[in-house]
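Quick notes on the structure that follows.
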Amino acid sequence: MACEAEHHPLGVFECQLCALTAPYSYMGQKPPNTQSVVLLEESYIMKDPFTWDKDRFLILGSRCSVCSRLVCVGPECSLFYSKRFCLPCAQDHMEAFPQEIRQDLEKRKLPSKGPASRPSSRT
């Protein structure tokens, strides 16, 4: 039988960068049905739909600690380094991060709002 949270989600999480949407069943740092798990940030959480184990959950995302934008945990949308940063804020404040994080950020690309256009070349 499915858990009650699946039938009555608290709302729908939507990433403000990539538009990922998913129903969430909990928002906070201590997911339900877990005894020793305390997350380092207020997170939007859903029950793991791939298992019957009620202790399993997926973290969808949280708010950027700089601009408060709601972002998913995907590497093209956010970075967690002691706090959650959306990729635009992380790149704007790149000098504040250690060298290893800066190198990681340089590899990441901001999500595009529309299809990428290529400049035309004439010969």
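The values are calculated or read from the model by the stated rules, or taken from the named source; none is laboratory data. Model, not experiment: these values are computed from the prediction. Neighbour counts are summed over all protein chains in view; Cβ atoms, including those assigned to glycine, are modelled from backbone coordinates with ideal geometry. Note: areas computed on protein heavy atoms with side chains; ligands, DNA, RNA excluded. Shrake-Rupley method; radii C 1.70, N 1.55, O 1.52, S 1.80 Å.
General remarks:
- Residue within the stretch 29-38 that is under 22 Å from Phe85 (Cβ atoms), open to solvent by less than 80 Å² (accessible area, probe 1.4 Å) and of a type in the set (A, V, I, L, M, F, W, C) present: no
- Of the set (1) open to solvent by less than 60 Å² (accessible area, probe 1.4 Å); (2) at pLDDT below 95, all apply to Cys15 but (2).
- Cβ separations smaller than 6 Å between residues 6+ apart or across chains give the following pairs from the stretch 78-96 residues that are closer than 23 Å to Leu39 by Cβ to residues that are part of a helix (DSSP H, G or I): Leu79/Ala90; Tyr81/Ile101; Ala90/Leu105.
Conditions (1) at pLDDT below 90; (2) open to solvent by 50 Å² or more (accessible area, probe 1.4 Å), marked per residue:
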position: Ala22; (1), (2): no, no
position: Glu42; (1), (2): no, yes
position: Ser78; (1), (2): no, no
position: Leu110; (1), (2): yes, yes
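- Every residue from the stretch 38-92 that is over 10 Å from the mean Cα position of the chain (by Cα) and aromatic (Phe, Trp, Tyr): Phe50, Trp52, Phe57, Tyr81
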